[in-house]
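Q: Okay, handing you the structure first.
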Amino acid sequence: MKKLILSLGLVAAFATASFASPPAGSHKNSGPAPRVTVVHTNAGQSGQIYVPQVNWALMIACVALVLTFRTSASLAAAYGLAVTGTMAITTVAYFFVITRVWQWSRARALALCAVFGAIDLTFLAANLRKFLEGGWVPFGMGLVVFGLFTTWMAGRRRLAAHLGELMIPLPQFLDEVAAVAPPRVRGTAVFMTANTGGVPVLLLHHFKHNQVLHEDVVLLTVVSAQTPYVADSERVEVESLGHGFHRVIGRFGYMETPNVPALLAAASAGELAIDPARTTYYLGRETVVAAKNARGMWRWQKALFALISRNAMSATAWFGIPPNRVVELGMQIDL
């Protein structure tokens, strides 16, 4: 039984090792995975995390493998391919670490990794003959995980590029606001954006259709720090842009849970006065449409990306925003 449990763990390791992720704790939705619950378990190591959704998925996969193979002897082929495959992937990951983090030259890194790679590939080649006997299981799991993550990353890049084309410089928008002088309603409108150089597309969408603005408009950017905690003195940065617009940049450490209302409360200690009861959070709900003639992604990838986007954790829950203060504006985006 111990051997069976070890085999299942290595099969899961091979599946999850098929992709590389950046340091955990990023509060943007542009990483290699959609928003999920991330629990950091060590203040000294940003990558030591617990993800409940992944843990449940691994449990279901392990139970399915036990019921399918029944004995550790039947799982031997999957075990061997999982171990040797993980060894080969580790060597590839090691190459990127020593070249990008340790700044080794590629020639020096290749010379070292070639030694490890020769050994790893020899073992892997020897186990490939067991592919049809059960070795396809870790390979299939790794392929599925790899496909999910590469599809998500490609979709987010295309989505970011599309939204970037719709953005306009902030000074140009402020000049238009001053010239048009639209009606201003009481309260504060908060628009979250990861781009500090332009106007959020959601704000342009709101202004185009509603033709009104709040007295105070906050462009909020949440930044993930590479430290476990952020000092209160460095938590928030407020910049007045004129015409009732303010830029707010909030910082959270990877051990901290983002809390936008608390962040705005800290920002209102200065010249920006925010009444929580009169604050409205505007969030975008993008509906991705798989265009037939668009290039860059397969049609099935676009459909998969749209499915993952619909089921990802909402920004409301991720940033601790009160649901009764949120207004969602839908946008149809053709990828």
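Computed from the coordinates by the stated procedures, all read-outs in this text should not be read as laboratory data. On a predicted model such as this, the values are computed, not experimentally measured, just so you know. Don't worry about glycine lacking a Cβ; one is built from the backbone with ideal geometry, like all the others, and counts go over all protein chains shown.
Q: Would you kindly state how much longer the chain becomes between Ala265 and Lys208 on full extension, computed as 0.36 nm times their sequence separation minus their alpha carbon distance, in nm to one decimal?
A: Roughly 17.6 nm would be gained on extension.
Q: How large is log10 I(q)/I(0) at q = 0.09, 0.13, 0.19 Å⁻¹ when the Debye formula is applied to the Cα atoms of the stretch 35-162, each weighted equally and without solvent?
A: After summing over all Cα pairs, the log10 values are -0.40, -0.82, -1.24.
Q: Here's something else I'd like to know. Is the shape of the stretch 173-275 best called rounded, prolate or oblate, per the rule: a/c under 1.5 gives rounded, else a/b larger than b/c gives prolate, else oblate, with a ≥ b ≥ c the square roots of the Cα gyration tensor eigenvalues? Write down the numbers at each step before the final one.
A: Values: a/c = 2.45, a/b = 1.93, b/c = 1.27.
Prolate is the answer for the stretch 173-275, as a/c is 1.5 or above and a/b outweighs b/c.
Q: If one takes the longest principal axis of the Cα atoms in the chain, at what angle in degrees, from 0 to 90 and to the nearest 10, does the Cα axis of helix 136-166 lie?
A: 20
Q: Kindly state, to the nearest 0.05, the FRET efficiency for Arg70 paired with Val39, given R0 = 41 Å and r defined as their beta-carbon distance. Walk me through the numbers before you get to the answer.
A: Numbers: r = 34 Å, r/R0 = 0.82.
According to the calculation, E is roughly 0.75.
Q: With the crude spin-label approximation of a point 7 Å out along Cα→Cβ, what separation in nm comes out for Ala57 versus Tyr229?
A: 3.2
Q: Could you compute the net charge surrounding Tyr94? Neighbours are other residues with a C-beta less than 12 Å from the C-beta of Tyr94; K and R count +1, D and E count -1. Write out the running numbers ahead of the final one.
A: Values: positive: Arg100; negative: Asp120.
My count for the surroundings of Tyr94 gives 0.
Q: What distance in nm lies between label points placed 7 Å from Cα along the C-beta direction at Lys130 and Ala273?
A: Computed distance between label sites Lys130 and Ala273 equals 7.3 nm.
Q: Shifting gears a bit: Rounded to the nearest 5, what % of DSSP beta bridges with both residues in the chain are antiparallel?
A: Details: 9 of 37 bridges.
Given both bridge residues lie in the chain, the antiparallel proportion sits at roughly 25 percent.
Q: Among [x] 39, 25, 18; [y] 44, 21, 16; [z] 46, 22, 20, which is the computed semi-axes √(5λ) of the Cα gyration tensor in Å?
A: Structure-derived value, by its label: [z].
Q: Which distance in nm do the two modelled labels at Ser240 and Val115 give, with both placed 7 Å along the Cα-to-Cβ direction?
A: 6.4
Q: Also, quick follow-up: Could you tally the net charge around Gly330, taking each other residue with its Cβ under 9 Å from the Cβ of Gly330, Lys/Arg +1 and Asp/Glu -1?
A: Details: positive: Arg285; negative: Glu286, Glu328.
Here the count lands on -1.
Q: Hey, with R₀ at 41 Å, roughly what FRET efficiency would Val327 and Arg100 work out to, going by the Cβ-Cβ distance, to 0.05? Intermediate results must be reported in sequence, preceding the final value.
A: On the way: r = 42 Å, r/R0 = 1.02.
According to the calculation, E is roughly 0.45.
Q: Once both axes come from the Cα atoms, what is the angle between helix 106-127 and the longest principal axis of the chain, in degrees from 0 to 90, rounded to 10?
A: Taking the Cα atoms of the chain, the angle to 106-127 is about 50 degrees.
Q: Could you sort 43-53, 213-223 so that the peptide with the highest average Cβ count within 10 Å comes first and the rest follow in order?
A: Details: 43-53: 13.1, 213-223: 19.5.
Peptide ranking by packing, descending: 213-223, 43-53.
Q: Over all alpha-carbon pairs of the stretch 146-202, lay out the pair-distance distribution in 10 Å bins, whole %, shortest bin first.
A: 19, 38, 26, 12, 5, 0
Q: Using only the alpha-carbon atoms, how far is helix 76-96 inclined from the longest principal axis of the chain? Give it as 0 to 90 degrees, nearest 10.
A: Computed tilt is about 50 degrees.
Q: What whole number of Å gives the distance from the Cα centroid of the stretch 53-77 to the Cα centroid of the stretch 124-138?
A: 16
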